[in-house]
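Working notes, structure below.
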Amino acid sequence: MQKVIITGADGFVGSYTVERFLSEGCEVLALDMGEKPNRLKAADKLKYMQCDITDTEQMIKNIPENYYDTFVHFAWAGSAGAARVDYNLQMQNALNTVECVKAAKKMGCKRFVCAGSIMEYEVEAAVHKQGSHPGMGYIYGMGKHIAHCMCKSVAADIDIELVWPMITNAYGAGELSPRFVNTTLRKIINGEPLQFTAATQNYDFVYVSDVAKAFYLIAKNGKPFCEYMIGSGNAGPLKKFILEMQRECAPEAVPLFGDIPFTGTNMPLDTFDISAARDDCGFEPEVSFAQGTRMTMEWLKSL
């Protein structure tokens, strides 16, 4: 693995991953929607190209054939906020991903690595349970799951190696979304009450630089047609993470846990197991949750 195409390269996780691949000596073609990148910094082996992945024919025309060996795919509209429940958008994301697999093959890439999600497992558990009423919040995960299923069949048919890393919950400096860690840290910064539900469901969080590290190692060493969970290796009830964040970032605060039960799909702890990424790829997380939330809070304060 020496020459890599990365879509969604100027996004939160994508930009960290570009930096990781460059630090490992790879040549990177970074693709994103903007005329110029906002996050990426100039580097000798980095080339940025404005690209709309919905037009793979144009993508193929603009990229030299048989030059890049690996295609890493992050581009996915509506990964946070209200757009996560837009089923038209999420279905289109899945279709776009399949077309990117086909484009990667035409360009001569040997391997396609796509950012999956642990929510794919949640979707399976929620949908196939008798009498279940899965909420609209599952739509994003359904899109990822559909993409995974279709890409695996298409990749097998056209003979390109598919590797599917699955992110638990990425967070860190540079993220602007209203997801849990960001929202809680903003409450701490603003001195707002820290009120939560019972927070008994199993969870995991992984710092964004560790996600980037995992993507590099999985792209390089992952077995074809296998999936790899990317997490901290220290999953547990959400309450555990909340208390760790509070102790590190707001030692004087008193988190309040209500008696509202969790009504979603509580995944067993073995779902978060990262041993495959460890054993096959050599991945070992480096940033603890306390350290990661401290760094994230300091970045938020600097804005």
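Things to note:
- Stretch gain in nm, segment Ala82-Leu256, where the contour uses 0.36 nm per residue and the Cα spacing is subtracted: 60.0 nm
- Computed with a 1.4 Å probe over protein heavy atoms only, the accessible area of Arg247 comes to about 150 Å².
- When you filter the trypsin sites (Lys or Arg not before Pro) in the stretch 3-50 for DSSP loop state and at most 12 other Cβ atoms inside 10 Å of their Cβ, you are left with Lys41.
- Along the chain, longest interval not containing exposed chymotrypsin sites (Phe, Trp or Tyr not before Pro), exposed being DSSP loop plus at most 13 other Cβ atoms within 10 Å: 68-224
- Candidates Thr197, Thr56, Thr271, ranked by Gaussian network fluctuation over the chain, Cα under 10 Å, top entry: Thr197
- The long axis of helix 238-249 is offset from the longest Cα principal axis of the chain by roughly 80 degrees.
- The chain, dipole about Cα centre (Lys/Arg Cβ +1, Asp/Glu Cβ -1), debye to the nearest 20: 260 debye
- Every helix of 4 or more DSSP H residues in the chain counts as -39500 (n - 2.57), and over all residues that averages to -13000 deg cm²/dmol at 222 nm.
- Dipole of the chain [Lys/Arg +1, Asp/Glu -1 at C-beta], most positive-end residue of Gly25, Gln130, Cys226: Gly25
- Annotation: lysines with alpha-carbon distance below 23 angstrom to Lys239 (same-chain offsets under eight excluded): Lys187.
- Extent along principal axes [Cα atoms of the stretch 5-114; Å; largest to smallest]: 39, 29, 23
- Computed about its Cα centre, the charge dipole of the stretch 208-263 is approximately 300 debye, with only Lys, Arg, Asp and Glu carrying charge at their Cβ.
- Full extension of the chain segment joining Ser23 with Ala43 gains 6.2 nm, where the gain is 0.36 nm per residue of separation less the Cα-Cα distance.
The values are calculated or read from the model by the stated rules, or taken from the named source; none is laboratory data. Note that the structure is predicted; figures quoted are calculated from it, not measured. Heads up, the Cβs are rebuilt from the backbone with ideal geometry, glycines too, and the neighbour counts pull from every protein chain shown. To get the accessible areas, we keep the full protein, side chains included, count just its heavy atoms, and leave off ligands, DNA and RNA. Shrake-Rupley method; radii C 1.70, N 1.55, O 1.52, S 1.80 Å.
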